[in-house]
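Q: One structure, as structure tokens, below. Some questions next.
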Amino acid sequence: MTAPLPNDARAQLDRLYEEMRPKSLYPLWEVLSALVTPTPRSPAQAWKWDYASARDHLLRAGDLISAEQAERRVLILENPGLPGSSGITPSLYAGLQLILPGEVAPCHRHSQSALRFVMEGDGAYTAVDGEKAVMRPFDLVLTPNWQWHDHGNHSGQPMIWLDGLDIPTVRHFDASFAERLEAAEHPETVAPGDSTRRYGRNLRPLRGSTADRRPAAQPLFHYPYAEWSAALADLAAAEAPDPVLGHALEFLNPATGGPVMPTIAAHVRLLPAGFETRPRRSSDGTIYVVVEGRGEAKVGDEVFTLAERDLLVVPSWREVTIRADSRLVLFGYSDRAAQEKLGLYREAVTNA
Ligand code: GTQ
């Protein structure tokens, strides 16, 4: 509502609202401007989690509860602007998962899609439909929706990774289904690394091959650090960085040429030492992991220093500038995959 009402009309309207309330009827004109905003007004806050501190708390939980007891032993990174939601943005979830040597996080599947980004440790695995991906630092591993997955650790060290899921999106649609496999571990269906060998180099099994075992729409689920970091470094050696993004590459689903999963897109960026991005906004609130280096992110009016393994969330449409004090490598994921399908995605570069 724009113009104020005469007092008697106001009083009569208030009486009308009171009478309507028990009938679950409400006046749009009182809330329209908050519902249909000219630009996004995310309740989420920009926030940074210091890895060392989160890790201490996670290891303490590791002394108190086993992965098997917990089903998933994870500390949720909940956005302080979204209390009680378990969301890091209104649409996405993030958590830090710990698997100790000898442990298994039991096999289950659910309608939520998940990615794992390894923070530390070497040699634990995620098995997807019985195929193990052996995980090394900064590898990306997917568990697309409704695929059986268990995690285990036969290495000698604790393993911690970031879980990124579309839990709030699935909740929004009231479309959550989940089930547990009776056995803790899915029987091995194929040798570890099978789908990376078949699909990981821009090739696929010749049609009709019985080895074409993965779902056609989601053949690849392991994107090793060794490969993506080499691609990014080659790019950085060959050309100048994009002024807005730096050197940036998106992880692809080879079946579609699009984002890695239906709801979630993931990418990596390399900012050379001394480089500063131009200010940018986008409608996809984004979660970042600092893979390498030091720098600073300015998000709206807030400044966050960035150090290795820090975790940062930038809400939708908050202006962000990133400065690299040394060579800075970032991993990021967002709901851009879903927004693009829905015709919602937008971005804007501010002229500095
Ligand atoms: O590993 O399947 O952080 O189902 C939250 C829910 C991890 C998992 C989470 C999950 C998982």
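Q: Provide a single number: the residues in the stretch 308-330 that are over 19 Å from the mean Cα position of the chain (by Cα) and either over 17 Å from G246 (Cβ atoms) or small (G, A, S) (or both).
A: So the answer is 2.
Q: Enumerate the pairs (first residue in the stretch 323-352 and open to solvent by 50 Å² or more (accessible area, probe 1.4 Å); second residue anywhere and part of a strand (DSSP E or B)) with beta-carbon separation below 6 Å, excluding pairs fewer than 6 apart on the same chain, so at least 6 apart or on different chains.
A: R323/E276; R323/G295; R323/E296; D325/G295; E347/S282; V349/R280
Q: Let me ask something else about it. For the stretch 269-287, indicate whether the set of residues that are closer than 18 Å to R116 by Cβ, β-branched (V, I, T) and in contact (Cβ under 8 Å) with a residue 12 or more places away in the chain is non-empty. Write out each step before concluding.
A: Initial filter on the stretch 269-287 (closer than 18 Å to R116 by Cβ): 286-287.
Still in the running and β-branched (V, I, T): 286-287.
Next cut, in contact (Cβ under 8 Å) with a residue 12 or more places away in the chain only: 286-287.
Yes: one or more hits.
Q: Check G130, G156, G152 and return the single one that is touching a His at 6+ places or on another chain (Cβ under 8 Å) and more than 14 Å from A114 (Cβ to Cβ).
A: Checking each option against the conditions leaves just G130.
So that you can scan it fast, the table gives a plain yes or no per residue for (1) in contact with a strand residue (DSSP E or B) (Cβ under 6 Å, 6 or more places away or on another chain); (2) in a loop (DSSP other than H, G, I, E, B); (3) closer than 28 Å to M261 by Cβ:
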site: A297; (1), (2), (3): yes, no, yes
site: E308; (1), (2), (3): yes, yes, yes
site: S316; (1), (2), (3): no, yes, yes
site: R323; (1), (2), (3): yes, no, no
site: S326; (1), (2), (3): no, yes, no
site: Y333; (1), (2), (3): yes, no, yes
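Q: A further question on this structure: Inspect all residues belonging to the stretch 4-20 and state whether any of them is assigned to a loop (DSSP other than H, G, I, E, B) and at pLDDT 95 or above.
A: Among the residues of the stretch 4-20, not one is assigned to a loop (DSSP other than H, G, I, E, B) and at pLDDT 95 or above, which makes the answer no.
Q: Any residue that is surrounded by fewer than 21 Cβ atoms within 10 Å (Cβ to Cβ), touching a strand residue (DSSP E or B) at 6+ places or on another chain (Cβ under 9 Å) and among the charged types (D, E, K, R) - is there at least one of those in the stretch 220-230?
A: Looking through the stretch 220-230, none of the residues is surrounded by fewer than 21 Cβ atoms within 10 Å (Cβ to Cβ), touching a strand residue (DSSP E or B) at 6+ places or on another chain (Cβ under 9 Å) and among the charged types (D, E, K, R).
The values are calculated or read from the model by the stated rules, or taken from the named source; none is laboratory data. Values in this document were obtained by computation on a predicted structure and should not be read as measured data. Glycine gets a Cβ as well: all are built from the backbone with ideal geometry, and neighbour counts include every protein chain shown. Protein only, heavy atoms only, side chains kept; ligands, DNA and RNA dropped before computing areas. Shrake-Rupley method; radii C 1.70, N 1.55, O 1.52, S 1.80 Å.
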